[in-house]
Every structure is written in structure tokens, then in C-alpha cells.
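Peer 1: Dropping the structure in here first, questions after.
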Amino acid sequence: MDFPFAESYKIKTVEPVYRSTREQREQWIKEAHYNLFNLRSNQVFIDLLTDSGTGAMSAQQWAAIMNGDESYAGASSYYKLKKVVEEILGFPFFLPVHQGRAAENVLFSALVKEGDIIPGNAHFDTTKGHIEFRKAVAIDCTIDEAYDTSVSHPFKGNIDIGRLENVILRYGKEKIPFIILTLTCNTVGGQPVSIENIRLVKKLAGQYGIPLLVDAARFAENAWFIREREEGFRNRSVREIVAEMLSYADMFTMSCKKDGLVNIGGLIGMRSKEVFDKASVYNIMFEGFLTYGGMAGRDMEALAEGLEEVVDEQYLESRIRQVEFLGKKLDEFGVPVLKPFGGHAVFVDALAFLPLVPREQYVAQTLAVELYREGGIRSAEIGTLMADRDPVTRENRYPRVEYVRLAIPRRVYTDNHMLYTAVALARIFERRNFIRTGYSIVKEQPILRHFTVHLKPVG
Ligand SMILES: *Cc1c(COP(=O)(O)O)cnc(C)c1O
């Protein structure tokens, strides 16, 4: 008999969560204008809105917090973090910042100018935002399989090398300050990139003398998938794979709210002293002095410990298996889900789930609200609301697929919470043919409307 999978940690501190009644939830979601961002966290039983900054720290991390050195300059906590950045990530120069988008802001201020072209695998929205804010253009070169829900591919985050080369030939290397590789690729569902693909991207970038920037928010989860899925890596340690993966990068940005296993923090890693010097100016302007950036000394201590813990294979196995557990349960219950399951979330295909709800009535949002009503579970709409309006025509942009994303915080929930979530969705799935109407917009902002939109039920 095979062992069932058990978590690689036990629980020292608990935080009670409240299971509300359906009547309470009906009232609360109405008061929230049917926008899950407007709910208070104590109105939520299981919060799968995001895996960003929502993880649980270990006893060792909390202990490290007490060792935080809050000196303005040259804090010992900075040097502790520096040692870990060198040892695990293999970078000689780094800057601490307060979160991932701050890393983008600082580094792109140094390197990106108007008219630049930045190819990559499906850029994350803040990354794209920081590129477009500087009047540069992000070009998505992800392989086609990433967008085809019917095909399974072990590395759906991979870059299409031919497409990347075409972009370089078309615009010229002078226009391209760097190529971005996001590990794992959040935008296409937390899908990993293979070492083979990273090597090919690096080779091509090298031929044209273009630097490679890795967005390393989920570097350890990516390394785990390489170990599991890529030929020849079964017997390599995650630490070794991380070292190889990042050895191809000239720079990295990282939101430490994911694989840093901390609630706040970010990093920029660089190999070039020249780039470090340039970025340092912006770091001082936007974040803080070089030895703390946007972080308190105690947060740098917790991050140094978190980076050690995240490359632990038993931790990563629990992490990835939990996401897979939820995905498999949903699959068993017949709920349409994106496959293979990613590293940090399970994506429910809302169009396949609710075929009777018209597209103009926000199908994924309808399902997300229904899931809250059913089980007090908060998820994220990755659909028409998020896709926003066309900037010129102001018409809704309808994405090819609409998802409800169930993002799983690290070390926070048990498999019973996952099972509860799967059952809630299965119960909705049983009565899906009675759900025929969705929502209409009462009020929206001109950009990033999904955060603040007010909705009302149709009919
Ligand atoms: C979260 C994230 C970011 C931005 O980081 P924040 O800490 O939220 O500012 C950038 N890239 C990727 C891939 C991310 O997942």
C-alpha cells in the first residue's frame, strides 16, 4: 500500500477561522457589491485570493525576527541576507526592496527607456505595467501550448525560441534591454519553464549580446518541477537545480512574498557592478539605503531563513502535492480544471463550468461569487473583469478563456480545507444548469477595474 502524502511540518500556532452561514454570506457579498476584494477577511472561511504574502512563517523565521538589526547602514541582517543570496541564488550583487513590483520599478528605471521592446514568457501584470509605464512594449513569446487548455505539456511556461528570435531580428538588439523569463510563469497558470528552454533562451540572448532577466518569484517551485518532469534531473538536488537555473540569468527580480516564504519583501540580483551602481541610485530614491532598501532588518532575517527553507525538498513536495491534491479532487468531481496543475494555484475553467451564463455577464466572476456563497471561499477572477476594456474602443476585452483561480497560501491550509473547497465547487457543478445569469457593472474605474468594481445581479 502506498503512503498517503503528509505535510513536512506540524502546527505550533493556530489562527481560528469562522464558518459563516449562507444567510450571512448573502448579506456580506451584497454589501461588498459582489466584488470579493471588498470582503473583510473575517467574512471569509478559506482565503484562496492569492498566494502572495499570505504564507505562514516557520518557528525559525519568527525566532530570526528577534535578531533583526535595525541599523540604518551596514546592518548585520543585510549581511546575513547577502550570504544567502550568494549561496543559494548565486548572485554577487543585490538590492533589497519592499516587494516584487518595487524591484521592477528600480531596475527598469535604470534599464528601460521609451520605445524599448521586452520579449518574454507571458509577463506578469505588474511587470507589464512597469514596462508600459515607461512607454516600452512587452512581447509575449510563450509557446502556443500554454494557451490551449486541451493539451498537456510539462513546461507550459516555455518560450517559443523561434518567436523570440523573430522579435530580436525584427526590432534589433539595440531596442531590447533584456529578455524576461518568469519562473514559474504566473500568467499562464503557474506553469514551469524547463532547464532546456532556459539554456536555449540564454544561448540566443548571448548570440545577440542581450542580457537575460529572470523573474524569480517562484524559483523553487520551478526547480521542483524540473526535478520531477525533466529528463536527467531526478537525482539532482533542488538547490543544485536552482543554482543552475539562475546561473543563466544576468539579473533577477523577485517578489519574496512567494518563494521567499515571507509576508513582505523583494530582491534585485545583478552580476554587473555597473548595473548595480545604476540601480542603486533609484533604490535610494524609491526604496531606501542600499543595505535595507524597502525592508526592516527583522524582515531581512526572516527572508534569509525563508530562502533556506524553500529549497527543502520535503517542503516543496508538500507544497506541490497540496496544489495537486485539490486539482485531482476537482478533476474526480468532474469540475473542468486547467492541466497540468501549476505550482501555486488550480485554475477552474469558468466557461466550461457555466456554459449558460452570457459572456457579457462576467462568467468567471459569477462562479467566484457563487463559490463564496456556497462555502465562504474567496478566489480570484481571471477573466473579462480583469482583462479590462480596450483602451481605444472602451469595449470589454473578452479573453479566450476565463478562469476562477484558487491560489494556495504556503503552509497555511490543510488538505481538509482543500477537500472542502473541492466539495463546494462540486456542489455548484451539480446545479450548474440552473445558473443562467451573471452580473452587470454598476461602477468601474478606467484601469485595473477588477479591484474596485461594483456589480449587481442581472435579472
Ligand atoms: C507577485 C509577482 C510580481 C510582483 O510582486 P509583488 O510582490 O506583488 O509586488 C512579479 N512577478 C511575478 C511573477 C509575481 O508573481
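Peer 1: Just to be sure I understand, how many residues within region 10-37 are touching a residue at least 60 places away in the same chain (Cβ under 8 Å) and out of contact with any helix residue (DSSP H, G or I) (no Cβ under 7 Å at 6 or more places or on another chain)?
Peer 2: Final tally of qualifying residues: 3.
Peer 1: Exactly one of these conditions fails for Ser152: (1) of a type in the set (Gly, Ala, Ser); (2) farther than 22 Å from Pro211 by Cβ; (3) crowded, with 22+ Cβ neighbours inside 10 Å; (4) at pLDDT below 95. Give me its number.
Peer 2: (3)
Peer 1: Are any residues in region 31-56 more than 16 Å from the ligand (Cβ to nearest atom) and over 30 Å from Glu444 (Cα atoms), and if so, which ones?
Peer 2: Ala56
Peer 1: So, one more: Is one or more of the residues making up region 364-387 open to solvent by less than 10 Å² (accessible area, probe 1.4 Å) and either free of Cβ contacts under 8 Å to residues at least 12 places away in the same chain or among the aromatic types (Phe, Trp, Tyr) (or both)?
Peer 2: Yes, because at least one residue in region 364-387 is open to solvent by less than 10 Å² (accessible area, probe 1.4 Å) and either free of Cβ contacts under 8 Å to residues at least 12 places away in the same chain or among the aromatic types (Phe, Trp, Tyr) (or both).
Peer 1: In the set Asp259, Asp277, which member is in a loop (DSSP other than H, G, I, E, B) and at pLDDT 95 or above?
Peer 2: None of the other options fit; the residue is Asp259.
Peer 1: Looking at Ile65, Ile139, Ile88, which is the one that is over 26 Å from Glu308 (Cβ atoms) and either open to solvent by 10 Å² or more (accessible area, probe 1.4 Å) or not assigned by TED's automatic domain parsing to the domain that holds Tyr420 (or both)?
Peer 2: Ile139
Peer 1: Now for a separate question. If you check Arg405, Arg394, Arg411, which single one turns out to be out of contact with any Leu (no Cβ under 9 Å at 6 or more places or on another chain) and either at pLDDT 95 or above or open to solvent by 40 Å² or more (accessible area, probe 1.4 Å) (or both)?
Peer 2: Details: Arg405 fails: out of contact with any Leu (no Cβ under 9 Å at 6 or more places or on another chain); Arg411 fails: out of contact with any Leu (no Cβ under 9 Å at 6 or more places or on another chain).
Selected residue: Arg394, the only one of Arg405, Arg394, Arg411 that is out of contact with any Leu (no Cβ under 9 Å at 6 or more places or on another chain) and either at pLDDT 95 or above or open to solvent by 40 Å² or more (accessible area, probe 1.4 Å) (or both).
Peer 1: Looking for whichever is more than 30 Å from Glu301 (Cβ to Cβ) and over 25 Å from the mean Cα position of the chain (by Cα) here; the options are Gln24, Gln43. Which one fits? Please lay out each step first, then the result.
Peer 2: Details: Gln43 fails: over 25 Å from the mean Cα position of the chain (by Cα).
Only one candidate passes the filter, namely Gln24.
Peer 1: Consider Arg321 against the criteria (1) of a type outside the set (A, V, I, L, M); (2) open to solvent by 40 Å² or more (accessible area, probe 1.4 Å); (3) farther than 23 Å from Val188 by Cβ: it satisfies all of them except one. Which criterion is unmet?
Peer 2: Arg321 satisfies every listed condition except (3).
Peer 1: So, one more: Does any residue of region 27-37 turn out to be exposed (fewer than 11 other Cβ atoms within 10 Å of the Cβ) and modelled with pLDDT of 95 or more? Write out each step before concluding.
Peer 2: Kept after step one, since they are exposed (fewer than 11 other Cβ atoms within 10 Å of the Cβ), are these residues of region 27-37: none.
The answer is no, given that none of the residues of region 27-37 is exposed (fewer than 11 other Cβ atoms within 10 Å of the Cβ) and modelled with pLDDT of 95 or more.
Peer 1: Among the residues of region 38-50, count how many are assigned to a loop (DSSP other than H, G, I, E, B) and crowded, with 19+ Cβ neighbours inside 10 Å.
Peer 2: Here the count works out to 5.
Peer 1: Count, please, the residues in region 70-85 that happen to be touching a residue at least 24 places away in the same chain (Cβ under 8 Å), crowded, with 18+ Cβ neighbours inside 10 Å and more than 23 Å from the chain's Cα centre (by Cα).
Peer 2: Matching residues across region 70-85 total 4.
Peer 1: From Thr253, Thr291, grab the single residue that is hydroxyl-bearing (Ser, Thr, Tyr) and either open to solvent by 30 Å² or more (accessible area, probe 1.4 Å) or within 16 Å of the ligand (Cβ to nearest atom) (or both).
Peer 2: Thr253
Peer 1: Next question. What pairs come up if the first residue lies in region 313-324 and is assigned to a helix (DSSP H, G or I), the second is modelled with pLDDT under 95 and surrounded by fewer than 18 Cβ atoms within 10 Å (Cβ to Cβ), and their beta carbons are under 6 Å apart, counting only those six or more places apart or on different chains?
Peer 2: Every condition considered, the pairs that remain are Gln314/Ser8; Tyr315/Ser8; Ser318/Glu7; Ser318/Ser8; Arg321/Phe5.
Peer 1: Another question, then. Which one of Val44, Val106 is assigned by TED's automatic domain parsing to the domain that holds Glu381 and in contact with a strand residue (DSSP E or B) (Cβ under 7 Å, 6 or more places away or on another chain)?
Peer 2: On the way: Val106 fails: assigned by TED's automatic domain parsing to the domain that holds Glu381.
Answer to the selection: Val44.
Peer 1: Do we find a residue being out of contact with any Lys or Arg (no Cβ under 9 Å at 6 or more places or on another chain), of a type in the set (A, V, I, L, M, F, W, C) and at pLDDT below 95 anywhere in region 418-436?
Peer 2: No, there is no match, as no residue in region 418-436 is out of contact with any Lys or Arg (no Cβ under 9 Å at 6 or more places or on another chain), of a type in the set (A, V, I, L, M, F, W, C) and at pLDDT below 95.
The values are calculated or read from the model by the stated rules, or taken from the named source; none is laboratory data. Note that this is a predicted model, so its numbers are computed, not measured. Don't worry about glycine lacking a Cβ; one is built from the backbone with ideal geometry, like all the others, and counts go over all protein chains shown. Side chains are part of the model used for accessible areas, which takes the heavy atoms of the whole protein and leaves out ligands, DNA and RNA. Shrake-Rupley method; radii C 1.70, N 1.55, O 1.52, S 1.80 Å.
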